[in-house]
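Okay, structure first, notes after.
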Amino acid sequence: MNIAINTNNISKSYPGVLANSNVSIQIDESSIHAIVGENGAGKSTLMKILYGMTKPDSGSIEIFNEIVTMSSPKDSITLGIGMVHQHFMLAKNLTVLENIILGIDRPSLKNLGLKKYKKAIEEVMSNYSLDIDLNMYVEDLSVGEKQRVEIIKVLFRGAKILILDEPTAVLVPQEVDELFNNLKNLRENGVTIIFISHKLDEVLEIADQISVMRSGQLIDSVRNMNVSKIELAEMMIGKSLPSPPPRSTEKKQNKIIELKNVSSNNVDGRQLFKNISFSLYGSEILGIAGVEGNGQKEVVESIIGIEKLESGEIFFNGEKINDKTTRERLDSGISFIPEDRQLQAMIMDMNLTNNVIIGRQNIKKYKSNFATVKTKNAVKESENIISLFDVKTPGTNTLATALSGGNQQKFVVGRELEDDPSLLIASQPTRGIDIGAQALIWEKLRESRDNGLGVLLISADLEELIGLSDRIVVFYQGSLVTELSSEEVSPEDLGGYMTGLKK
Amino acid sequence: MKLRLRIASFSAPLVALSIAFGLSSLILLFIGKDPIETFRIMFEYGIKGKSIVSIINRSIPLYISAIAVAVGFKMGLFNIGVEGQYLVASLIAAFVGSQFSIITPIHILFIIIIAVASSAMWAAIAGYLKVKKGIHEVISTIMLNYIGTGLIAYGLTNVFDEAGSDYELPRTPELPESGKMPALNNLFRLEDLQDLHGFLFVAIVVGIFYYWLVWKTTLGFDLRITGANPVAAKFSGINPNRLIIVAMVTSGGFAGLVGLGPLLGYFHRFTIDFPTGLGFAGIAVALLGRNHPFGMGIGALLFAFLERSSQILDLNDVPKEIERMLQAFILLIVVVFYEIIRRFIVKQQVKDASKKVET
């Protein structure tokens with residue numbers, strides 16, 4: 001069999017993160033090759049490199065046995081590589097036909113030559129047994145059909161290698177079946193497919209070969225028939241897990257937060273999470289594990305009232321808070337570190353003094369009796385955080401955007417820990433930051449826990465999750481599937497529950 | 001902020017001004033006029049005592065209008081409806097104010113309250129439509145401007161027209177003496193000049209109040225962070241819908257004051273010649289002054305100066321439209337330079353912060 005893609009020791013690092021480390025992967029022609037791994041395992045970086053969106057720091061790439069260098073997706077398209085992104089790039093007020101030829105080959109301004117193109121596209125469609133009405137407007141298509149348009153678009157541009165970035169994430173089950181049939185047809189017709197996913201069931205159903213990535217490294221490439229789901233899960237999670245350092249304090253008996261059968265749907269009526277119940281006690285860190293997109297983010301956002309509940313009850317320090325506003329919940333002692341600090345936690349164009357007030361506008365410390373902002377207290381508090389959390393900044397008057405990611409995050413964590421909250425929700429508290437900042441944040445979280453704080457921790461970083469948590473609950477497809485003790489958790493269990501193997 | 005950065009941020013409007021004058025000069029040259037001579041006569045005319053009083057009078061409504069727009073801008077809300085809001089408010093206030101007479105301060109205060117309240121209510125419609133129906137405020141406020149103009153035309157002819165007057169055109173009854181705002185000429189010893197509108201004081205108070213509201217209060221803080229990052233604002237516990245209504249009503253409230261300078265100081269009634277276009281001009285002034293109370297003051301004075309001083313041009317056979325062009329050039333160029341300066345400041349701060357990390 002011919003080899004479509006062969007990479008040699010590809011490495012790529014971003015400040016503070018080694019995203020790909022010596023990745024050597026071989027992808028056979030006319031095969032479906034799945035790449036699995038947790039969020040942050042390095043799949044996306046590898047795909048960006050293969051699609052020419054980013055350049056590797058070292059290593060080489062061979063496409064159909066020729067060494068190539070790509071500096072933009074334009075190069076990769078010429079080489080026969082096409083990518084279908086998770087978020088479709090279609091103009092909804094144009095027809096399928098117009099979308100497919102959009103950006104091609106400079107059709108003359110007077111005459112787009114639609115007829116000529118239509119014939120050529122129909123040919124491609126029949127070659128690969130893909131079917132769609134070219135005259136439909138894209139806005140009238142279902143999600144699965146839109147995806148098919150993207151695939152046809154890429155094939156029409158001459159792609160022989162197709163990269164699909166989590167293609168099933170947006171589809172309903174019937175559409176998944178349809179997609180898989182189409183992919184098999186494509187394979188029969190000589191197309192090579194790279195299928196990125198973290199859903200092991202699907203991967204085992206469709207892929208010929210499976211490569212597992214973890215922490216930027218290629219753990220192994222195996223043939224589908226030679227591997228079990230358990231083995232895959234283990235490769236994804238790692239054989240050995242860290243164990244939490246012993247703690248000197250005891251968890252308390254008071255329930256800080258209690259969720260009783262909470263459920264929620266999104267605006268389209270799709271279920272986000274259902275019947276979630278758990279409690280968190282004082283002086284305890286409860287970790288929430290789960291592959292991203294399984295409802296955990298929405299659950300914690302519902303605790304501060306950003307996500308609305310369909311049913312169920314939330315109790316904070318024994319008091320039902322369902323009907324309280326986000327402001328009331330924050331003011332009563334809930335702190336929140338959102339997963340995206342630049343988008344959700346800070347105002348990049350404001351200085352640190354202003355940023356320290358965010359989320360606390362209404363508390364006495366920052367609001368006078370005349371409804372004015374007490375700037376002096378804000379300056380004092382930000383100076384305090386800068387020294388306690390070792391935030392590297394010229395001063396409190398510096399814009400947030402001027403700080404590095406790690407320093408921004410230390411500042412946010414410092415802000416959320418000030419004034420002794422009783423609950424801290426920390427969503428990916430150390431994602432994408434340097435090791436020094438990470439260690440400091442872990443230290444501060446443990447310290448606050450020992451002082452009575454209840455922490456709800458969401459993290460895709462298993463070292464962080466297990467290293468910090470006292471207990472771990474696992475989310476899968478919007479449900480809480482199990483609770484594990486962080487001291488006794490095995491990779492097999494954690495991986496099994498996270499990927500839906502165990503229920 | 002460091003001195004260097006302060007100088008940088010002040011340089012933007014000055015540079016923009018020079019380039020705008022440069023471009024206008026080229027156009028003047030192109031049509032065969034001497035630019036230096038043209039600007040000289042404009043300037044000479046613009047600094048005459050009479051002109052200065054007129055410039056200040058003109059700048060009062062411009063300034064208040066800019067503030068009304070800026071309140072919305074600060075939270076990323078585009079109130080394009082100041083135009084309709086102040087006209088509706090002026091008509092209602094002019095009519096209600098003409099119906100009775102009490103001592104002057106109370107009478108004027110009453111007219112102000114009527115104007116502010118009716119304008120705020122008119123603006124609240126746009127806020128309501130945005131919150132409840134998701135209609136973008138630019139669309140709704142523009143539409144409300146048209147509706148307002150129509151209602152004013154109808155109301156002025158059929159409801160508020162002065163009864164028993166033989167004046168041909170529709171107009172509201174004149175305000176009684178107690179409803180007229182005294183001029184400031186005696187105060188500043190400007191005996192031989194035209195009236196300097198007493199509303200100047202209100203404009204100054206409005207400017208200070210706006211500064212306090214936006215930069216000192218918690219409400220202002222909420223407005224500013226919502227404008228800068230609506231997502232973070234939501235996570236910080238702000239209810240965006242409530243804030244949209246509050247901002248729209250506040251902006252509309254300020255807008256209600258726009259027409260009162262001319263109304264109380266000079267027109268003393270609402271007629272079909274009542275000044276229009278102040279709401280749109282306010283958008284330009286707010287942009288020029290970067291929503292800052294001081295900057296907008298300078299901007300209002302500058303635009304008023306250009307308008308006034310250009311009136312001499314017709315007598316000198318230079319097309320007056322050169323002034324409109326100047327205004328447009330200034331605006332366009334200044335917006336570009338503000339962005340350049342903003343990037344420069346961010347770059348400087350990043351540099352300073354990374355220096356700090358290295359040490």
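Nothing in this text is a laboratory measurement; each read-out follows from the coordinates by a stated rule. None of the values given here were measured: they were computed from a predicted structure. No Cβ is skipped: glycine too gets one built from the backbone with ideal geometry, and neighbour counts run over all protein chains shown.
Worth pointing out:
- Rounded to the nearest 20 debye, the dipole size of the stretch B:217-359 about its Cα centre is 740 debye, using +1 on the Cβ of Lys and Arg and -1 on the Cβ of Asp and Glu.
- Comparing A:Ala159, A:Gly103, A:Ile5 along the charge dipole axis of the stretch A:3-237, the residue lying farthest to the positive side is A:Gly103, per the Cβ-charge model.
- Computed FRET value (nearest 0.05) for A:Asn226 with A:Asp57, which takes r as the C-beta separation and R₀ as 51 Å: 0.95
- Candidates per trypsin sites (Lys or Arg not before Pro) in the stretch A:40-93, loop by DSSP, up to 12 other Cβ within 10 Å: A:Lys92
- Rg/Rh for the stretch B:229-355 (Cα atoms only, Rh after Kirkwood) is 1.09.
- GluC sites (Glu not before Pro) lying in DSSP loop within the stretch B:164-248, provided at most 11 other Cβ fall within 10 Å: B:Glu168, B:Glu191
- Computed from point charges on the beta carbon alone (+1 for Lys and Arg, -1 for Asp and Glu), the dipole magnitude for the stretch B:34-317 about its Cα centre is near 1460 Debye.
- As a rough footprinting exposure proxy, the listed residues A:Thr430, A:Thr353 were ranked by other beta carbons within 10 Å of their own, and the order from fewest upward is A:Thr353, A:Thr430.
- Relative contact order %, the stretch A:54-185, counting alpha carbon pairs below 8 Å whose residues are six or more apart: 36 percent
- Tensor-based shape of the protein assembly as shown (alpha-carbon gyration tensor, a/c under 1.5 rounded, otherwise prolate or oblate): prolate
- In the stretch B:155-273, a dipole from Cβ-located charges (positive for Lys and Arg, negative for Asp and Glu) runs towards its positive end, and of B:Leu193, B:Ile238, B:Val159 it is B:Ile238 whose Cα lies farthest in that direction.
- Backbone phi angles across the stretch B:79-94, fed through the Karplus curve with coefficients 6.51, -1.76 and 1.60 (θ = phi - 60°), yield HN-Hα couplings of 8, 8, x, 4, 3, x, 4, 6, 5, 4, 4, 5, 4, 5, 5, 5 Hz in residue order; Gly and Pro are listed as x.
- Solution diffusion estimate, µm²/s, Stokes-Einstein, chain A, Kirkwood Rh from C-alpha pairs, 20 °C, viscosity 1.002 mPa s: 86 µm²/s
- Distant-in-sequence amide H partners of A:Tyr366 (H built 1.01 Å from N, under 5 Å): none
- In a DSSP loop and with at most 16 other Cβ atoms within 10 Å, the trypsin sites (Lys or Arg not before Pro) in the stretch B:21-64 are B:Lys48.
- Distant-in-sequence amide H partners of A:Leu424 (H built 1.01 Å from N, under 5 Å): A:Ser335, A:Gly454, A:Val455, A:Leu456
- Cβ-based charge dipole, the stretch A:50-106, positive-most Cα from A:His87, A:Met53, A:Asn65: A:His87
- Chain A - charge dipole about Cα centre, Lys and Arg +1 at Cβ, Asp and Glu -1, debye rounded to 20: 1340 debye
- Along its three principal directions, the equivalent ellipsoid of the stretch A:302-377 from the Cα gyration tensor extends over semi-axes of 26, 17, 9 Å, largest first.
- Relative contact order (%) - criterion: Cα under 8 Å, at least six apart; region: the stretch A:3-237: 30 percent
- Distance between modelled label sites at B:Ile113 and A:Asn397, nm, 7 Å Cα→Cβ extension: 4.3 nm
- Each residue of the stretch A:491-502 is assigned a 3J(HN,Hα), and the resulting list reads x, 4, 5, 4, x, x, 6, 5, 9, x, 6, 9 Hz, derived from the Karplus form 6.51 cos²θ - 1.76 cosθ + 1.60 (θ = phi - 60°), x at Gly and Pro.
- Percent of C-alpha pairs per 5 Å bin in the stretch B:34-317, short distances first: 1, 6, 12, 15, 17, 16, 13, 9, 6, 3, 1, 0, 0.
- Percentage relative contact order, the stretch A:17-108, counting C-alpha pairs under 8 Å, at least six apart: 18 percent
- Distance from the stretch A:152-201 to the stretch A:386-428 (C-alpha centre basis), Å: 43 Å
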